[in-house]
1. For LYS190 and MET67 in the same chain, what is the full-extension length gain: residue separation times 0.36 nm, less their Cα-Cα distance, in nm?
2. Just to confirm a number: summing +1 for Lys and Arg and -1 for Asp and Glu over residues other than ILE122 whose beta-carbon lies under 12 angstrom from that of ILE122, what do you get?
3. Based solely on its DSSP helices, what 222 nm [θ] is calculated for the chain when runs of n ≥ 4 H residues each add -39,500 (n - 2.57) and the sum is averaged over all residues, nearest 500 deg cm²/dmol?
4. For a label point 7 Å from the Cα of THR14 along Cα→C-beta, name the residues of segment 41-77 whose backbone N is under 11 Å from it.
5. By a straight-distance test (C-alpha under 29 Å), which lysines pair with LYS7 as possible cross-link partners, with residues fewer than eight away in the same chain excluded?
6. Treating the beta-carbon of each Lys and Arg as +1 and of each Asp and Glu as -1, no other charges, what is the dipole magnitude of segment 132-226 about its Cα centre, to the nearest 20 debye?
7. With r as the distance between the Cβ atoms of ASN163 and HIS101 and R0 = 25 Å, compute the FRET efficiency 1/(1 + (r/R0)^6) and round to 0.05.
8. ASN4 to ASP209: extension gain in nm, 0.36 nm per residue of separation minus the Cα-Cα distance?
Amino acid sequence: MVNNIIKLENITKTYILGEIEIPVLKGISLAIEKGVHISLMGPSGSGKTTMLNILGCLDTPTSGRYMMEGEEISSLNDDKLSDIRSRKIGFIFQSYNLIPHLTVIENIGLPLFYQGINEKSISEKAGVMAEIVGLQDRVKHKPAELSGGQQQRVAIARALINNPTFVLADEPTGNLDTKTGREIMELLKKLNEKGTTLFVITHDSAIADYGKVIVRILDGEIVSKE
């Protein structure tokens, strides 16, 4: 039996600018199985970011159904979407999005802090995550004291600390040199092999090749899945 944790059914997204309708997604249907690593490729303006925003519960579709672990979340209100984001989705961004005045351990533990977990538990779990991403000797450093690759490792640990249903990565190597980018993708590959479900947006075919499934989007429509 196929274990789909995410199912998009005929998702559309249209933005309204004054009296002008701008269709961005035009009937996207996609199933994401537990433990898979999907790479989403497409040129600028193809709808990649809009698709990520909908998958990440940062935006809602104009029409269609979004099912997550059997629950329809297409039309939930902002509070419920926020709850799902905090519990079930890990985010990794191109720009890391770390808090400058917080240490590595504090940045990693931030999602738990917002859930009201006690400080001792946060520190312990964040310490374990720091070790998993190879930063156990940097836990008291602040982002400015880290390399780009190390900052992205912090972001990966932060994304995983809640044991999310899946992780969304938006151009995760975009700000890194080629060698460091490969190191980050190898780390994500190892995490995926241990069961983390990954959805990676990239324009780089070498990064996309790490995925078990490559989905290509063009003009708001999926044109291939291989």
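The values are calculated or read from the model by the stated rules, or taken from the named source; none is laboratory data. Since the model is a prediction, treat every value here as computed from it, not as a measurement. With ideal geometry, Cβ positions are generated from the backbone for all residues, glycine too; neighbour counts draw on all protein chains shown. When the accessible area is computed, the model is the full protein with side chains, heavy atoms only, and any ligands, DNA or RNA have been set aside. Shrake-Rupley method; radii C 1.70, N 1.55, O 1.52, S 1.80 Å.
1. Result for the pair: 41.6 nm of gain on full extension.
2. Details: positive: LYS120, LYS125, ARG158; negative: GLU106, GLU119, GLU124.
Neighbour charge sum, excluding ILE122 itself: 0.
3. Details: 8 runs with 76 residues, N = 226.
The helix contribution divided over the chain gives -9500 deg cm²/dmol.
4. Counting backbone N atoms under 11 Å from the label point, the list is 62-63.
5. Leaving aside lysines fewer than 8 places away in the same chain, those within reach of LYS7 are LYS26, LYS34, LYS48, LYS80, LYS88, LYS189, LYS190, LYS194, LYS212, LYS225.
6. Taking the Cα centre of segment 132-226 as origin, the dipole is about 460 debye.
7. Efficiency, rounded to the nearest 0.05: 0.40.
8. Working: separation 205, 0.36 × 205 = 73.80 nm, distance 2.18 nm.
Once the chain is fully extended between ASN4 and ASP209, it gains 71.6 nm.
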